[in-house]
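*Asks:* What follows is a structure written as structure tokens; I'll ask about it next.
The values are calculated or read from the model by the stated rules, or taken from the named source; none is laboratory data. Quick caveat: nothing in here was measured; it's all calculated off a predicted structure. Backbone-built Cβ (ideal geometry, glycine too); neighbour counts: all protein chains shown.
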Amino acid sequence: MTSKQALNTRQESLAGVAYVIPSFLIWGLSPIYWKVLGDVPAFETLMHRVIWSLLFLLIATTFFVGVNWFVFIWAINHDYVLQASLGYYMTPLVHVLLGVVFLRERLRNLQVAAVFLAGFGVVYLTIQYGQFPWVALSLAFTFGLYGLIRKVAPVSAVGGLTVEMLFASIPALIYLFYLETKGMGSLFHISLKIDMFLIGTALVTALPLALFTLGTRRLHLSTVGFLQYIAPSCFFLLAVFIYHEPISRAQVWTFFLIWAALGVYSIDSVLVYKRTVR
């Protein structure tokens, strides 16, 4: 690799990080947004996300992202924010797995150590739940598959997302129209604040997805996976300090193990960057 190629690669990686980090921050803080819509049924909120996101932006991924959205909204409004946190802690591991299996990405020794630490923490927490964590697993695998398909799909970031919203908007419009005819709709029937938040779902839906897609095109899927720990860390903090969900010692230990994994991964990234510069 020439020095010019190395420079271009570093610039692409930095651009990817610049896109991915804000997308995960938006997702991580989004429980604050969805809690405002707690009086609106989860499925109706999902339909509004689809409609308003399509207006904001004017295929197989539609299914995965739709299931992911529904499970996430349901979990938030039923006080399962910690389960959502667990799911998105597991998602990076799914990204790493898919990157290695389908894209033939290779992990360095420190990366393997980081994966082991994070994996141990997630497995330990899963066992401590004492029940099948279907919310966490659904979130992890649907978003992991979504990220894989969006990375390899030969379409632009905004164009692909617009197509996804177009496909999903037809049943969404039918469902919302049905609710209105039955007098069960929430838009324009509860309060102005709820109306504004339902329409505003476009911003907390389309913006992070577009940033995520732009970022994944510029980074290894395994790197995207570890940056994604930003979002579940936000979920974790919101669940404990804002929504006061009960937290066990196992959950605390898992939190520290995963951040230790991030530390190992970051050290590896810095070492590789310094070797590239030389």
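*Asks:* Working carefully through the options A136, A84, A114, find the one that is in contact with a Gly (Cβ under 7 Å, 6 or more places away or on another chain) and closer than 30 Å to I267 by Cβ.
*Replies:* Going through A136, A84, A114 in turn, the sole match is A136.
*Asks:* Here are some residues: T276, T213. Which one is exposed (fewer than 15 other Cβ atoms within 10 Å of the Cβ), part of a helix (DSSP H, G or I) and hydroxyl-bearing (S, T, Y)?
*Replies:* T276
*Asks:* Moving to a separate point now. Which one of E164, E245, E180 is out of contact with any Ser or Thr (no Cβ under 9 Å at 6 or more places or on another chain), under 27 Å from T45 (Cα atoms) and surrounded by 17 or more Cβ atoms within 10 Å (Cβ to Cβ)?
*Replies:* One residue alone meets the criteria, E245.
*Asks:* Within segment 225-250, which residues are closer than 29 Å to S269 by Cα, in contact with a helix residue (DSSP H, G or I) (Cβ under 6 Å, 6 or more places away or on another chain) and in a helix (DSSP H, G or I)?
*Replies:* If the condition is that a residue be closer than 29 Å to S269 by Cα, in contact with a helix residue (DSSP H, G or I) (Cβ under 6 Å, 6 or more places away or on another chain) and in a helix (DSSP H, G or I), then G225, F226, L227, I230, A231, P232, C234, F235, F236, L238, A250 are the ones that fit.
*Asks:* Filter segment 233-265 down to the residues that are of a type in the set (S, T, Y) and under 23 Å from A114 (Cβ atoms) and list them by number.
*Replies:* Correct list: S233, T254, Y265.
*Asks:* Keeping to segment 93-114, report how many residues are crowded, with 19+ Cβ neighbours inside 10 Å and closer than 23 Å to F64 by Cβ.
*Replies:* 6
*Asks:* So, one more: State whether the residues of segment 33-41 include one that is modelled with pLDDT of 85 or more, under 16 Å from the mean Cα position of the chain (by Cα), within 15 Å of A136 (Cα to Cα) and surrounded by fewer than 22 Cβ atoms within 10 Å (Cβ to Cβ).
*Replies:* no
*Asks:* Contact list please: Cβ distance under 6 Å, first residue in segment 108-124 and under 14 Å from P92 (Cα atoms) and assigned to a helix (DSSP H, G or I), second residue of a type in the set (D, E, K, R) and modelled with pLDDT under 85, pairs at least six apart or on different chains.
*Replies:* What qualifies is Q111/D268.
*Asks:* Answer yes or no: is there a residue in segment 24-37 that is hydrophobic (A, V, I, L, M, F, W, C) and touching a Pro at 6+ places or on another chain (Cβ under 7 Å).
*Replies:* Yes, some residue in segment 24-37 is hydrophobic (A, V, I, L, M, F, W, C) and touching a Pro at 6+ places or on another chain (Cβ under 7 Å).
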